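Taking it in order: structure first as structure tokens, then the write-up.
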Amino acid sequence: MTEKTLFDACALGGLTLANRIVMAPLTRNRAGAGLVPSALAATYYAQRASAGLIITEATQVSAQAQGYQDTPGLYTPEQIAGWRQVTDAVHAKGGKIFVQLWHVGRVSHVSVQPGGAAPVAPSAIRAQAKTFVNNAFVDVSEPRALAMEEIPGIVESFRQAAANAITAGFDGVEVHGANGYLLDQFLRETANVRTDAYGGSVENRARLLIEVTAAVAKEIGAGRTGVRISPVSPASGIVPSAHEQAQFDYVAEQLNALGIVYLHVVEGATGGPRDATPFDFDALRRRFQQTYLANNGYTRDLAESRLREGKVDLVAFGHDFIANPDLVERLKTGAPLAQMNMATVYGGGAAGYTDYPALAA
Ligand code: 8OZ
């Protein structure tokens, strides 16, 4: 068997990826009126089309799914048309692109909820977290617990958004089960104290993520469906318990049984240390037979060594893709990487978005 390197072409379901380097989902808060991705978004993603796979910024499955200002949706005809421009631009450059579908759950604010309503959550437990609305960071609002009768509507919103993704020309979708948003909230004993079929046990806490993923996979095919998880990340007010290994080992087994195409794992604290909390990520890998997509704090060297050891199949880079549209070429040639400017990550226009140059030819 030849050794895997970051720069080999590889299969992902029915797709052939040009390399094993993935652009991680990155929130940029630049959607236009109607939460439609802008023409600039098409330029931004097309500039990064040399990635083996692009995963878009998190994208709302419904109006209720929103938690931040100016994040895009995929539930109106205008949003579908806006995304079509993005997928066309990426495909014209030979790239592949999945859309990340999210519902923020309790990480929201009444000012971005339909009718100013309270955000929804597994339980009425407020996160110790901030969101960004009206051009300011504010505490998230007090949520209300979803009624049992509302859960099928959540599943349906993901199914419909997945169908919309195919209409918009995406190669597949990633279900956002990470970073403290709705599906992750259900997975956590500290956010989910339900006593019905969606809380109280490992199986019950995983139920919504599994039902959503099954509905998406049924709609568009398991070969076009991926899921992202972040087992020990404290992102967005998540307080991991001592039982996350058992919880996520079960999640990996269930997702494996659905035959989805990849499991995307944020190893460690999202955007932070990889090893702050002990966790056996290889245990997930052993339970999940399809593609294991690793993320968080990877350098070229770490990615290559984990690939050689057979521990990972694809590696997602986030921050480095913001400042380096030609990241694949730079990693390949060992060229220096540009550093992103934190001040222009969230919101604004072309500055810090489409004006990071590729290396001169
Ligand atoms: C940064 C700012 C807002 C949202 C995530 C979608 O952490 C996000 C996000 C990141 O998954």
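Scanning the stretch 48-71 for residues that are part of a loop (DSSP other than H, G, I, E, B) and closer than 22 Å to Asp320 by Cα yields Arg48, Ala49, Ser50, Ala51, Gly52, Thr71. Just checking, how many residues over the stretch 300-310 are among the small types (Gly, Ala, Ser) and either assigned to a loop (DSSP other than H, G, I, E, B) or open to solvent by 70 Å² or more (accessible area, probe 1.4 Å) (or both)? So the answer is 1. The combined condition, being modelled with pLDDT of 95 or more, of a type in the set (D, E, K, R) and within 16 Å of the ligand (Cβ to nearest atom), is not fulfilled by Glu142. State whether the residues of the stretch 152-166 include one that is open to solvent by 30 Å² or more (accessible area, probe 1.4 Å) and either within 15 Å of the ligand (Cβ to nearest atom) or of a type in the set (S, T, N, Q) (or both). Yes, the stretch 152-166 contains a residue that is open to solvent by 30 Å² or more (accessible area, probe 1.4 Å) and either within 15 Å of the ligand (Cβ to nearest atom) or of a type in the set (S, T, N, Q) (or both). Among the conditions (1) touching a strand residue (DSSP E or B) at 6+ places or on another chain (Cβ under 9 Å); (2) open to solvent by 10 Å² or more (accessible area, probe 1.4 Å), the only one that Ala33 does not satisfy is (1). When Gln85 is tested against (1) open to solvent by 20 Å² or more (accessible area, probe 1.4 Å); (2) in contact with a Pro (Cβ under 9 Å, 6 or more places away or on another chain); (3) outside any helix (DSSP H, G or I), just one condition goes unmet, and that condition is (3). In the set (1) on the phi < 0 side of the Ramachandran plot; (2) among the polar types (S, T, N, Q); (3) within 13 Å of the ligand (Cβ to nearest atom), Ser62 fails one condition alone, (3). Among the residues of the stretch 127-139, those that are away from the ligand (no atom under 12 Å from the Cβ) and in contact (Cβ under 8 Å) with a residue 40 or more places away in the chain comprise Ala127, Gln128, Asn134, Asn135. Has the stretch 292-299 got at least one residue that is touching a Gly at 6+ places or on another chain (Cβ under 6 Å) and either over 18 Å from Glu3 (Cα atoms) or open to solvent by 70 Å² or more (accessible area, probe 1.4 Å) (or both)? Within the stretch 292-299, one or more residues are touching a Gly at 6+ places or on another chain (Cβ under 6 Å) and either over 18 Å from Glu3 (Cα atoms) or open to solvent by 70 Å² or more (accessible area, probe 1.4 Å) (or both). Would you call Leu101 in contact with a His (Cβ under 8 Å, 6 or more places away or on another chain) and either open to solvent by less than 10 Å² (accessible area, probe 1.4 Å) or more than 16 Å from the ligand (Cβ to nearest atom) (or both)? Yes: the conditions hold for Leu101. Taking the stretch 61-117, which residues are among the polar types (S, T, N, Q) and touching a strand residue (DSSP E or B) at 6+ places or on another chain (Cβ under 7 Å)? Gln64, Gln66, Gln69, Thr71, Gln79, Thr87, Gln100, Ser108, Ser111 - these are the residues of the stretch 61-117 that are among the polar types (S, T, N, Q) and touching a strand residue (DSSP E or B) at 6+ places or on another chain (Cβ under 7 Å).
Of the residues Val107, Val86, Val90, the single one that is within 14 Å of the ligand (Cβ to nearest atom) and either modelled with pLDDT of 95 or more or acidic (Asp, Glu) (or both) is Val107. Would you check if Tyr75 is within 16 Å of the ligand (Cβ to nearest atom), in a loop (DSSP other than H, G, I, E, B) and open to solvent by 10 Å² or more (accessible area, probe 1.4 Å)? So Tyr75 fails the test.
The values are calculated or read from the model by the stated rules, or taken from the named source; none is laboratory data. This one's a predicted model, so the numbers in the text were calculated from it and none came from an experiment. Cβ atoms come from the backbone with ideal geometry, glycine included; neighbour counts cover every protein chain shown. Ligands, DNA and RNA are excluded from the accessible area calculation, which covers all protein heavy atoms including side chains. Shrake-Rupley method; radii C 1.70, N 1.55, O 1.52, S 1.80 Å.
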